[in-house]
Amino acid sequence: MRELRPRQPNDERRLMQPGGTTEQLSLDVLDQRQIDIAAIHQGTGIYTAAPEIEALLDQLGWPAQGRRLLDPGAGNGGFLVAALRRLDLALDDVEGATRRVHGYEFYRGAVADARRAVFEHLCGRGWTSAAAWRAANEIVEDHDYLLSPVPAGVWDVIAANPPYWRLANLPAGYRIDYEAIVPAHARADLLYAYLDRSADVVTRDGHIGLITADRWLLNSGSRELRRRLGTRYTVASVRRLDAGSAFYRSKARRRGTVSRVHPVSLILTPTGSGRPLGAEPFRLTARPAVDGVPLRDIAEIRLAPWLGPDGIFVVGPDSGLPAEHLVPIVEPADIDGETVRPPRKWALATDATEPPPVILAHLDATLDCMPNRGRRAVRWLPPETFTGRLPLDRDAVLVPRIARRLTGIRLPAGRLPINHGLVVISGLPVESVLAMLDDPEVQAQANDLSLGIDNGYRSFTATLLRQLVIPRRHLTGDPVSRS
Ligand SMILES: C[S@@+](CC[C@H](N)C(=O)[O-])C[C@H]1O[C@@H](n2cnc3c(N)ncnc32)[C@H](O)[C@@H]1O
């Protein structure tokens with residue numbers, strides 16, 4: 001049997017000891033695989049509420065527009081029972097039921113739950129127990145959808161709420177096999193691997209109905225996956241769901257709220273009739289293209305530098321360091337509504353030339369506190385160089401990365417923004433930029449492109465700002481001069 005995790009020292013010992021058989025080792029390894037699967041299920045087993053399942057099946061046109069349906073991560077069987085309920089099956093027609101509906105699930109506890117749910121449903125329709133058990137056992141297959149072979153071209157409808165779990169969180173043994181099997185463009189998250197595999201498995205004319213977190217539609221890490229899916233599918237429909245009511249956790253599982261995802265329900269169709277999907281972020285709301293110019297073509301957009309922990313390159317008012325080497329900073333805590341408070345801290349401005357002894361002495365006394373990622377070969381340089389680029393000699397616009405809405409704030413000349421939580425837009429008159437950012441068409445784009453975080457907050461990155469298309473009316477009239 002194939003070894004499913006790297007050999008551990010104990011395995012070797014068991015192999016060498018008299019009586020330590022290969023079978024024992026295989027059992028041990030299999031047990032470990034079950035432990036890994038239980039951990040993945042613990043993290044991903046978030047089930048779909050019945051109304052959302054019904055809505056997805058409606059959108060898929062099941063069963064009128066499908067012959068065979070697969071749920072590749074069946075959980076407790078919610079999709080399977082809903083799909084069966086819509087079929088007009090004769091009593092005890094095991095062959096009819098198993099031909100049309102199938103589910104994979106790799107966590108044995110969930111396999112048992114799903115089989116029980118299918119059994120109870122069929123018994124409720126008047127089936128005999130024997131026929132209901134046979135159908136339930138066949139419909140719900142104990143199988144790993146990602147790591148084990150799956151027949152392609154059998155199912156013309158895939159209906160799924162795929163697991164959502166980053167590569168880095170996978171248990172080590174499972175991860176080794178996962179990385180060996182799943183192609184690079186689909187590896188970063190179980191969700192990506194599920195999407196990729198589903199596209200390979202479904203029939204050529206088949207549809208894929210999904211309830212997923214929205215991030216794969218927007219993230220730069222899923223560009224290649226989107227591009228590949230987009231060569232075969234368009235998005236027939238997409239709808240935001242309420243995470244609070246669309247999901248629940250099985251009672252047997254850890255207490256707690258469902259994870260912080262921003263779910264959508266969407267249908268991928270091979271007919272070309274939907275909205276195109278491609279490498280670029282997929283906006284959830286189809287909007288007419290804005291007639292305008294990308295912000296990146298008319299302004300400078302920079303992420304504020306990170307200078308390391310306070311006390312090294314960032315000092316308070318009583319540092320005693322020479323004022324000509326200090327620059328007043330702005331960090332997110334200095335923002336009060338839509339204004340910037342007076343300076344409370346200063347940054348040491350150093351460049352390639354060796355600074356005076358008093359600065360060097362300060363750095364030598366404090367650099368111990370700099371994490372490795374902030375250390376430079378030239379010890380008097382901060383983790384991210386800003387001299388020559390910032391601070392700016394005229395007012396500019398600061399955009400907090402985490403906010404409820406895209407917001408511009410006047411950044412006074414001479415103040416240095418620090419911290420990756422801030423983005424600076426310069427090169428245009430401040431009033432023009434503030435008006436551009438406030439424009440409802442720009443706000444709508446920012447809303448579509450940004451990732452929701454929590455409590456109504458969203459993430460407005462420098463990449464997002466560069467993509468914003470500024471309506472032409474902001475560029476006409478008084479010519480916008482680049483400074
Ligand atoms: C998000 S839940 C969805 C369950 C169900 N379809 C629903 O929506 O209520 C995903 C399920 O997929 C299962 N799963 C995760 N990875 C799997 C894999 N590689 N093969 C089979 N099942 C898997 C998990 O155990 C979990 O029960």
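The values are calculated or read from the model by the stated rules, or taken from the named source; none is laboratory data. Worth saying up front: this structure is predicted, and the values here are computed from it rather than measured. Every residue, glycine among them, receives a Cβ derived from its backbone with ideal geometry; neighbour counts consider all protein chains shown.
See the values below:
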read-out	value
Selection count, the range 318-361, where residues are of a type in the set (A, V, I, L, M), farther than 14 Å from Pro412 by Cβ and surrounded by 11 or more Cβ atoms within 10 Å (Cβ to Cβ)	10
Trp155 closer than 24 Å to Ala117 by Cα, in contact with a Gly (Cβ under 9 Å, 6 or more places away or on another chain) and not β-branched (Val, Ile, Thr)	yes
Any hit, the range 445-456, residues being of a type in the set (Asp, Glu), under 29 Å from the mean Cα position of the chain (by Cα) and at pLDDT below 95	yes
Elements of type strands (runs of 3 or more DSSP E) in the range 119-217, at least 2 residues being within 20 Å of Ser265 (Cα to Cα), acidic (Asp, Glu) and outside the structural domain of Pro263 (by TED's automatic domain parsing)	none
Residue within the range 109-118 that is without any contact (Cβ under 8 Å) to a residue 12 or more places away in the chain and part of a helix (DSSP H, G or I) present	yes
Of all residues making up the range 278-295, the number that are basic (Lys, Arg) and in contact with a Leu (Cβ under 8 Å, 6 or more places away or on another chain)	1
Counted residues, the range 411-430 - those being under 18 Å from Gly337 (Cβ atoms) and surrounded by fewer than 17 Cβ atoms within 10 Å (Cβ to Cβ)	0
Failed item in (1) under 35 Å from the mean Cα position of the chain (by Cα); (2) closer than 29 Å to Pro382 by Cα, with Ala323 passing the rest	(1)
Any hit, the range 217-240, residues being touching a strand residue (DSSP E or B) at 6+ places or on another chain (Cβ under 8 Å) and within 14 Å of the ligand (Cβ to nearest atom)	no
Breaking point among (1) out of contact with any Lys or Arg (no Cβ under 8 Å at 6 or more places or on another chain); (2) among the hydroxyl-bearing types (Ser, Thr, Tyr); (3) assigned to a helix (DSSP H, G or I), for Ser222	(1)
Condition broken by Leu428, with the remaining ones in (1) modelled with pLDDT of 90 or more; (2) within 12 Å of Thr407 (Cα to Cα) satisfied	(2)
Criterion: assigned by TED's automatic domain parsing to the domain that holds Val157 and either buried (at least 17 other Cβ atoms within 10 Å of the Cβ) or under 18 Å from Val238 (Cα atoms) (or both) - qualifying residue of Leu268, Leu307	Leu268
Residues satisfying the stated conditions in the range 150-164, i.e. surrounded by fewer than 22 Cβ atoms within 10 Å (Cβ to Cβ) and within 22 Å of Arg67 (Cβ to Cβ)	Val150, Pro151, Ala152, Gly153, Val154, Asp156
Members of the range 59-107 found to be under 27 Å from the mean Cα position of the chain (by Cα), more than 10 Å from the ligand (Cβ to nearest atom) and in a helix (DSSP H, G or I), listed by number	Gln59, Leu60
Lone qualifier among Leu437, Leu428, Leu406 - being assigned to a loop (DSSP other than H, G, I, E, B), touching a residue at least 12 places away in the same chain (Cβ under 8 Å) and within 25 Å of Pro281 (Cα to Cα)	Leu406
Residue, modelled with the highest pLDDT, within the range 386-417, restricted to residues that are small (Gly, Ala, Ser) and within 29 Å of the chain's Cα centre (by Cα)	Gly408
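Rundown of residues vs (1) acidic (Asp, Glu); (2) assigned by TED's automatic domain parsing to the domain that holds Pro342; (3) farther than 22 Å from Ala333 by Cα, yes/no style:
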site: Val378; (1), (2), (3): no, yes, yes
site: Leu381; (1), (2), (3): no, yes, yes
site: Glu384; (1), (2), (3): yes, yes, no
site: Arg404; (1), (2), (3): no, yes, no
site: Ala413; (1), (2), (3): no, yes, no
site: Pro417; (1), (2), (3): no, yes, no
site: Leu422; (1), (2), (3): no, yes, no
site: Ser432; (1), (2), (3): no, yes, yes
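Residues are listed down the side, and each one gets a yes or a no for (1) of a type in the set (Lys, Arg); (2) within 12 Å of the ligand (Cβ to nearest atom):
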position	(1), (2)
Arg115	yes, no
Asp142	no, yes
Val154	no, no
Arg175	yes, no
Tyr178	no, yes
